[in-house]
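A quick write-up on the structure given underneath.
The values are calculated or read from the model by the stated rules, or taken from the named source; none is laboratory data. Since the model is a prediction, treat every value here as computed from it, not as a measurement. We place every Cβ from the backbone using ideal geometry, glycine too, and count neighbours over all the protein chains shown. The accessibility values were calculated without ligands, DNA or RNA, using every heavy atom of the protein model including side chains. Shrake-Rupley method; radii C 1.70, N 1.55, O 1.52, S 1.80 Å.
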Amino acid sequence: KAGVTQTPRYLIKTRGQQVTLSCSPISGHRSVSWYQQTPGQGLQFLFEYFSETQRNKGNFPGRFSGRQFSNSRSEMNVSTLELGDSALYLCASRQALAGDYEQYFGPGTRLTVT
Amino acid sequence: AQSVTQLDSHVSVSEGTPVLLRCNYSSSYSPSLFWYVQHPNKGLQLLLKYTSAATLVKGINGFEAEFKKSETSFHLTKPSAHMSDAAEYFCVVSRYNQGGKLIFGQGTELSVKP
């Protein structure tokens, strides 16, 4: 079974621009979560999607948004990029919303904002 | 509310000696607890998880952890370190049976000397 895939793997953007990151979950997994990893703040939860609906949200500004499609693929969007948005963005998928299911992580998208 | 504190930001051991990575948690709910490992430029991999069954949990690659409710601890151990164990380790908590939102500790970098 293929793992969680994220595209692109690396991205360089300029302050003020917007960016869209993509995540394809493991086949059969319906829940997708997003995390931001930075040296200063560590790993922080952004949001979780299930059945095309946001089910859980972390403490990030509204510039961070996401969506999920009917095939469970998910995209994350950051508008009006700031230098502090430079980070590794990780996507994770799991089978269902509730229950004792492991989260499987993708390799991440490294975003650099200049 | 939930939180995790990893008591050491960096641990250095010699190959063949025991590994101890310390983690304390705080949770208003029955917690699920996890240890994840991240090798350089790679995604996160689950080492082991505690979800209210046996308090001593065995994971992959010879790692194990013991859930101690009275001490609110979930320390990770391995009897004999291998060079390939060098990586960043994260202690993680989530609300039992609602694991979509993972709360990560700040990480412990494990170095293994030959």
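Is it the case that segment A:1-10 has a residue that's more than 12 Å from chain B (Cβ to nearest Cβ), part of a loop (DSSP other than H, G, I, E, B) and crowded, with 21+ Cβ neighbours inside 10 Å? Scanning segment A:1-10 turns up no residue that is more than 12 Å from chain B (Cβ to nearest Cβ), part of a loop (DSSP other than H, G, I, E, B) and crowded, with 21+ Cβ neighbours inside 10 Å. Taking the criterion of being within 14 Å of chain A (Cβ to nearest Cβ), in contact (Cβ under 8 Å) with a residue 24 or more places away in the chain and either within 9 Å of the chain's Cα centre (by Cα) or not in a strand (DSSP E or B) (or both), the residues of segment B:49-76 that qualify are B:Thr51, B:Ser52, B:Gly59. When the residues of segment A:22-47 are filtered to those that are in contact with a Leu (Cβ under 8 Å, 6 or more places away or on another chain) and surrounded by fewer than 21 Cβ atoms within 10 Å (Cβ to Cβ), the one that is nearest to A:Ser86 (Cα to Cα) is A:Thr38. Right, A:Ser74: exposed (fewer than 15 other Cβ atoms within 10 Å of the Cβ) and at pLDDT 95 or above or not? For A:Ser74, the condition - exposed (fewer than 15 other Cβ atoms within 10 Å of the Cβ) and at pLDDT 95 or above - is not met.
Of the residues making up segment A:28-57, those that are more than 19 Å from B:Glu88 (Cα to Cα) and touching an Asp or Glu at 6+ places or on another chain (Cβ under 9 Å) are A:Ser31, A:Val32, A:Ser33, A:Trp34, A:Gln54, A:Arg55, A:Asn56, A:Lys57. The residues of segment B:78-113 that are more than 14 Å from every other protein chain (Cβ to nearest Cβ), open to solvent by 50 Å² or more (accessible area, probe 1.4 Å) and out of contact with any Ser or Thr (no Cβ under 8 Å at 6 or more places or on another chain), listed by number, are B:Pro79, B:His82, B:Met83, B:Ser84. Would you check which residues across segment B:77-99 are assigned to a helix (DSSP H, G or I) and not hydrophobic (A, V, I, L, M, F, W, C) and list them? Of everything in segment B:77-99, those that are assigned to a helix (DSSP H, G or I) and not hydrophobic (A, V, I, L, M, F, W, C) turn out to be B:Ser84, B:Asp85. Would you mind telling me which numbered condition in (1) surrounded by fewer than 18 Cβ atoms within 10 Å (Cβ to Cβ); (2) in contact (Cβ under 8 Å) with a residue 40 or more places away in the chain B:Val19 fails? Tallying (1) surrounded by fewer than 18 Cβ atoms within 10 Å (Cβ to Cβ); (2) in contact (Cβ under 8 Å) with a residue 40 or more places away in the chain, B:Val19 fails exactly one: (1). The residue that is nearest to the other protein chains (Cβ to nearest Cβ), counting only those in segment B:39-48 that are in contact (Cβ under 8 Å) with a residue 12 or more places away in the chain and either charged (D, E, K, R) or open to solvent by less than 20 Å² (accessible area, probe 1.4 Å) (or both), is B:Leu44.
Residues that are under 13 Å from the mean Cα position of the chain (by Cα), surrounded by fewer than 15 Cβ atoms within 10 Å (Cβ to Cβ) and within 13 Å of chain B (Cβ to nearest Cβ) do occur in segment A:48-55.
If B:Arg95 passes every condition in (1) farther than 14 Å from B:Leu110 by Cα; (2) modelled with pLDDT of 95 or more; (3) touching a Phe, Trp or Tyr at 6+ places or on another chain (Cβ under 7 Å) but one, which one does it miss? Only one criterion in (1) farther than 14 Å from B:Leu110 by Cα; (2) modelled with pLDDT of 95 or more; (3) touching a Phe, Trp or Tyr at 6+ places or on another chain (Cβ under 7 Å) is unmet by B:Arg95, namely (2).
Looking at A:Gly16, A:Gly108, A:Gly66, A:Gly62, can you tell me which residue is touching a Leu at 6+ places or on another chain (Cβ under 7 Å), away from chain B (no Cβ under 11 Å) and small (Gly, Ala, Ser)?
After applying the criteria, what remains is A:Gly16.
In summary, B:Ala1 fulfils each of the numbered conditions (1) in contact with a helix residue (DSSP H, G or I) (Cβ under 7 Å, 6 or more places away or on another chain); (2) within 19 Å of A:Gln44 (Cβ to Cβ) with the single exception of condition (1). The residues of segment B:9-35 that are assigned to a loop (DSSP other than H, G, I, E, B), away from every other protein chain (no Cβ under 14 Å) and within 21 Å of B:Tyr50 (Cα to Cα), listed by number, are B:Arg22, B:Ser28. When each of A:Gly40, A:Gly16 is tested for being at pLDDT 95 or above and small (Gly, Ala, Ser), the lone residue that passes is A:Gly16.
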